[in-house]
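Read-outs throughout are calculated quantities, based only on the coordinates presented, and are distinct from any laboratory measurement. Since the model is a prediction, treat every value here as computed from it, not as a measurement. A quick note on method: Cβ atoms are made from the backbone with ideal geometry, for glycine too, and the neighbour counts reach across all protein chains shown.
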There are 2 protein chains.
Amino acid sequence: MSEKLSDTGRKTMLAPLVAKGWTIDDDRDAICKTYVFDDFIDAFGWMTRVAIYAEKWNHHPEWSNVYKTVEVVLTTHDVDGLSSLDVKLARKMDQLAD
Amino acid sequence: MSEKLSDTGRKTMLAPLVAKGWTIDDDRDAICKTYVFDDFIDAFGWMTRVAIYAEKWNHHPEWSNVYKTVEVVLTTHDVDGLSSLDVKLARKMDQLAD
């Protein structure tokens with residue numbers, strides 16, 4: 001079971017994500033990012049790799065895809081806000097997109 | 001190059017899709033459907049099969065996924081509205097979801 005990020009956790013873990021292009025949606029306590037790939041194959045290929053990690057970690061993104069663009073929202077419904085699982089998945093998404 | 005659906009085409013081709021749960025967005029001249037699967041593996045597995053057809057036919061959906069739910073919007077940007085490609089992809093999506 002995941003726990004909501006503490007104030008300290010937010011300071012240390014969210015700043016590096018913001019530096020990588022993530023934005024914080026305070027209303028939903030979620031983090032969001034738009035990825036733009038070269039084409040649909042790249043975009044969906046990335047989604048597929050992410051999907052396997054999401055299922056493995058039992059933590060799934062909200063995401064939408066239009067051709068080469070993927071918009072992602074991460075939050076943890078169980079804790080009604082951000083948890084370390086969101087940070088873990090966000091880092092993996094960035095790593096897989098690099 | 002695809003062409004915008006004629007009035008006759010709309011009558012004959014869209015009615016069977018509406019009967020299968022598609023709705024018509026007149027403002028965008030698009031068709032929309034929400035698929036609900038058993039779980040994420042089923043939802044993303046279906047998306048993956050659709051994605052290969054979409055790329056093969058060079059006609060890509062706008063879609064969003066939250067766990068076991070996938071919302072789809074189909075329209076043809078080149079003709080600023082619905083074309084036979086949307087009908088073709090919608091039928092394939094239904095077939096792959098059956």
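Here are the numbers for this structure:
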read-out	value
Taking A:D39, B:D94 and counting other C-beta atoms within 10 Å, the order from fewest to most	A:D39, B:D94
Size-normalised alpha-carbon gyration radius of the range B:1-47, reference 2.2 N^0.38 Å	1.46
Simple label model, 7 Å out from Cα along Cβ direction - A:D98 to A:T23, nm	2.5 nm
Neighbour count of at most 16 Cβ within 10 Å plus DSSP loop: longest trypsin sites (Lys or Arg not before Pro)-free window in chain A	A:29-67
Nearest 10 degrees, 0 to 90: helix A:40-56 Cα axis against chain A principal axis	40 degrees
Under 16 Å, Cα to Cα: Lys pairs in chain B, sequence gap 8 or more or different chains	11
Distant-in-sequence amide H partners of A:T76 (H built 1.01 Å from N, under 5 Å)	A:G81, A:L82, A:S83
Acute angle (nearest 10 degrees) that the helix B:7-19 long axis makes with the longest principal axis of chain B, alpha-carbon atoms	20 degrees
Test item: Cα-centred dipole of the protein assembly as shown, Lys/Arg +1 and Asp/Glu -1 on Cβ, debye	500 debye
Rg ratio (alpha-carbon, reference 2.2 N^0.38 Å) - the protein assembly as shown	1.13
Residue and distance (whole Å) for the chain B Cβ nearest the axis that superposes B on A	B:S64, 2
For A:62-71, mean number of other protein chain Cβ atoms within 10 Å	4
Shielding by other protein chains, A:45-57, mean Cβ within 10 Å	2
Mean separation of Cα contacts under 8 Å, 6 or more apart, over the residue count of chain A: relative contact order %	35 percent
Computed magnitude of the charge dipole of chain B (debye, nearest 20; Cβ of K, R +1, Cβ of D, E -1)	340 debye
For the range A:7-97, average projected area of the Cα convex hull in nm²	5.6 nm²
Nearest-first distances (nm) between copies at A:G45, label 7 Å from Cα via Cβ	2.4
